[in-house]
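*Asks:* Below you will find the structure I want to go over with you.
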Amino acid sequence: MEEKARQLVARLAATPDSAVRDLPFVHRALTVPLLSAASAALRLTLLLSRLRPRRALPVPVVSVGNLTWGGNGKTPMVDFLARSFHRLGMSPLILTRGYAGGDEPKMLRLRLSDTSAKIGVGANRAAVASSMLRKYGYIHHSKTFYAEKKPSSTSKLESGIIGVAILDDGMQHWSLLRDVEIVMVNGLAPWGNTHFIPRGPMREPLSALGRADIVVIHNADLATEVQLKAITSTIEDNAATCSVFYSRLAPSHIFEVKQPLRKLPLNVLNDKIVLCVSAIGCPNAFIHTVREMGPLKIDRIDFSDHHFFNTHDLEIIQETVRNLMDQHGKDAIVLITEKDYDRDPEALTTLDAKVWVLSSSLQIMPHKEQGEDEFMRKVKEIITITGHAKSHVVDWTQVDYGVVRF
């Protein structure tokens with residue numbers, strides 16, 4: 001029942017005002033007015049939250065957020081940034097709330113286990129950051145990118161000293177000041193019906209794009225030129241000075257849920273019957289990606305974002321697999337996203353079917369001479385500018401964060 005309610009809210013959030021009259025009477029008379037009232041209350045809460053004092057950290061803070069709920073590529077971008085900073089010789093601290101069972105932290109821990117990244121989980125991310133900085137120490141903000149002599153990257157990584165903080169889902173998190181504001185936009189469904197949650201998908205109005213230093217249009221490879229131009233125009237109208245990049249989720253390999261260390265090539269889906277099962281923010285992007293791999297037939301079962309598969313769900317999946325096998329006279333593969341797997345690795349192992357996981361990584365797409373190198377160069381440039389300004393305001397040596405490294 002709860003899952004059906006979530007799916008109903010998601011459908012209504014995608015319904016523009018012009019189409020409300022086509023909804024069933026009970027939705028028009030009860031659900032839409034209730035959701036609209038809740039949206040107004042949320043907007044007031046958001047305005048009041050901005051009045052709270054904000055805290056600065058002694059390391060650069062890069063915020064990754066969005067204006068709408070789910071499917072914007074925030075977690076893949078956090079993964080991308082963490083790896084990029086690691087390669088630059090800076091140990092990143094990821095600060096995440098761990099929403100709805102903590103599937104994002106689980107995924108990030110697994111994906112970043114071969115890096116120096118550390119992950120702090122908790123709603124009070126300022127407190128979590130303070131604890132982690134005291135535990136591991138940190139590289140003084142003024143020494144990060146613009147010191148005359150850069151610190152030894154190897155020694156800093158080996159000792160685990162934190163050099164930068166990445167604020168996951170940070171745009172509406174007001175307790176921490178940030179050096180860089182990265183806003184992710186879903187190229188397939190950028191603003192929905194423009195209403196606030198729960199009547200629509202918006203967390204803030206479009207004017208909030210004015211706070212962005214960088215806007216990344218995600219799933220840009222799946223959007224049309226017309227869609228991309230419309231999104232870019234909206235960004236320019238609300239944030240004329242920010243940089244705009246395109247990104248995509250590039251599949252790398254497939255693995256079986258019972259053998260996660262055994263990598264399979266993407267072409268194993270060729271001529272296969274595939275049932276795509278997902279509980280993510282933008283399942284359409286998942287379907288688009290799988291379609292490009294050449295399966296014979298694709299069916300789908302979509303659940304709400306962050307949903308945990310239960311016994312009833314597994315029965316539905318199993319029945320759908322049987323029906324597909326009966327229709328086509330061959331085995332069907334259940335394919336899930338890496339995020340769904342990491343949420344509960346054991347959930348789908350009881351199915352009487354092959355269950356495979358699609359592993360993907362975010363890529364910055366070359367666009368108008370802007371690629372991955374240019375993206376990180378822009379991030380470092382903004383940190384340098386904001387860091388100089390902050391260093392004249394705050395005496396970081398007086399902040400009790402534990403061990404300071406110069």
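*Asks:* Using a 1.4 Å probe, what is the accessible area per residue for the stretch 192-233, in Å²?
*Replies:* Values: 1530 Å² over 42 residues.
Ligands and nucleic acids excluded, the result is 37 Å² per residue.
*Asks:* Now, a different point. Using alpha-carbon positions, what is the distance between the centroids of the stretch 52-83 and the stretch 250-314, in Å?
*Replies:* Spelled out, the Cα-based centre of one part sits 27 Å from the other.
*Asks:* Give the peptides 302-315, 334-347 in descending order of average Cβ contacts within 10 Å, highest first. Walk me through the numbers before you get to the answer.
*Replies:* Details: 302-315: 15.9, 334-347: 20.6.
Ranked from most to least packed, the peptides come out as 334-347, 302-315.
*Asks:* Could you please state how large a percent of the accessible area of the stretch 250-362 is carbon and sulfur, counting protein chains only and using a 1.4 Å probe?
*Replies:* Numbers: 2480 of 5210 Å².
Here it works out to 48 percent.
*Asks:* Same structure again: In square angstrom, rounded to the nearest 10, how much accessible surface does T68 have for a 1.4 Å probe?
*Replies:* Counting only protein heavy atoms, T68 exposes about 10 Å² to solvent.
*Asks:* Taking only protein heavy atoms and a 1.4 Å probe, what accessible area per residue, in Å², does the stretch 250-362 have with all protein chains in place? Each step should come with its number before you reach the end.
*Replies:* Details: 5210 Å² over 113 residues.
Solvent-accessible surface per residue comes out at 46 Å².
*Asks:* Can you tell me the order of 293-299, 88-94, 57-63 when each peptide is scored by its average per-residue count of other Cβ atoms within 10 angstrom, highest first?
*Replies:* Numbers: 293-299: 15.4, 88-94: 23.4, 57-63: 25.6.
Result, highest mean Cβ count within 10 Å first: 57-63, 88-94, 293-299.
*Asks:* Can you give the FRET efficiency to the nearest 0.05 for K368 and N124, using r as the Cβ-Cβ distance and R₀ = 60 Å? It would help to have the intermediate numbers written out before the result.
*Replies:* Numbers: r = 40 Å, r/R0 = 0.67.
That gives a FRET efficiency of 0.90.
*Asks:* Put W174, W69 in order of accessible area, largest first, 1.4 Å probe: what do you get? Walk me through the numbers on the way to the answer.
*Replies:* On the way: W174 20, W69 85 Å².
I get W69, W174, largest accessible area first.
The values are calculated or read from the model by the stated rules, or taken from the named source; none is laboratory data. All values reported here derive from a predicted model rather than from experimental measurement. Here the Cβ is made from the backbone with ideal geometry for all residues, glycine too, and neighbour counts use every protein chain on show. Each accessible area value is taken on the protein alone, full model and side chains, heavy atoms only, with ligands, DNA and RNA left out. Shrake-Rupley method; radii C 1.70, N 1.55, O 1.52, S 1.80 Å.
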